[in-house]
Every structure is written in C-alpha cells, then in structure tokens.
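The values are calculated or read from the model by the stated rules, or taken from the named source; none is laboratory data. In this text the structure is predicted, and so the values were computed from the model without any measurement. Note that we place each Cβ from the backbone using ideal geometry, even for glycine, and neighbour counts take in every protein chain shown. These accessible areas exclude ligands, DNA and RNA; they are computed on the full protein's heavy atoms, side chains included. Shrake-Rupley method; radii C 1.70, N 1.55, O 1.52, S 1.80 Å.
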Amino acid sequence: MRDSAADTREDVVRTKGVQDHEAGLFAKLIFWHAKRRYGHVPLSTRIRAKDSKLLALADLMAGFTSPSGTVPPKLKELVQLKVAAMVGCPL
C-alpha cells in the first residue's frame with residue numbers, strides 16, 4: 001500500500017483521453033462543438049470519448065442541463081473544476 005504523502009505530482013497517473021487523431025467521426029463532431037463552446041476540448045470530454053455511448057449521453061445531458069444563455073460555458077467549466085478539486089480529484 002502506498003503512502004499518499006509520498007505521492008508527488010509526477011507519480012499521479014492520468015489519462016490523456018482520446019486525442020484528435022484517434023477520434024472517430026462522432027467524437028470529432030463533439031470535439032468541434034466543445035471547441036466552439038469552450039475554446040478547447042475539456043479533458044472530461046476526451047475521457048468520455050473512449051466510450052461513444054457515454055459521450056453521446058453526456059452531450060445529450062449537457063444540452064438539457066445548460067440551456068443557452070443560462071450560465072456562460074466557461075463559468076460552468078470552472079465550477080466543474082472547482083467541484084472536482086473539492087472532492088479530491090487530481091488536477
């Protein structure tokens with residue numbers, strides 16, 4: 001068992017998700033949409049792209065939960081990052 005105090009930033013293994021050149025047609029469409037909204041493709045979207053069904057459902061859910069004009073997309077992403085940090089997800 002590893003001591004969490006001994007872990008350094010270099011020891012934490014993180015996935016890079018699906019890269020642009022690895023993405024299929026549907027994932028590329030979602031990536032294009034994310035780039036338009038956020039200016040880049042969030043890591044969470046790249047990770048979801050590993051499973052096309054999960055990616056489709058997450059995109060559908062985002063369409064229902066963030067109607068146009070309610071919360072700016074960049075603010076929504078900042079809130080998601082803050083919540084991830086609060087619950088202990090590695091940044």
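Sort out which residues of the range 1-19 are among the hydroxyl-bearing types (Ser, Thr, Tyr) and either outside any loop (DSSP other than H, G, I, E, B) or at pLDDT 90 or above (or both), and write them in order of number. If the condition is that a residue be among the hydroxyl-bearing types (Ser, Thr, Tyr) and either outside any loop (DSSP other than H, G, I, E, B) or at pLDDT 90 or above (or both), then SER4 is the only one that fits.
Scanning for something in a loop (DSSP other than H, G, I, E, B), out of contact with any Asp or Glu (no Cβ under 8 Å at 6 or more places or on another chain) and loosely packed, with under 12 Cβ neighbours inside 10 Å, does the range 28-39 turn up at least one residue? Yes; the residues of the range 28-39 include at least one that is in a loop (DSSP other than H, G, I, E, B), out of contact with any Asp or Glu (no Cβ under 8 Å at 6 or more places or on another chain) and loosely packed, with under 12 Cβ neighbours inside 10 Å. Kindly check whether there is at least one residue in the range 20-27 that is out of contact with any Leu (no Cβ under 9 Å at 6 or more places or on another chain), open to solvent by 70 Å² or more (accessible area, probe 1.4 Å) and either modelled with pLDDT under 75 or assigned to a loop (DSSP other than H, G, I, E, B) (or both). The answer is no; no qualifying residue exists.
Only a single criterion out of (1) loosely packed, with under 11 Cβ neighbours inside 10 Å; (2) at pLDDT 75 or above is not satisfied by GLY69, namely (2).
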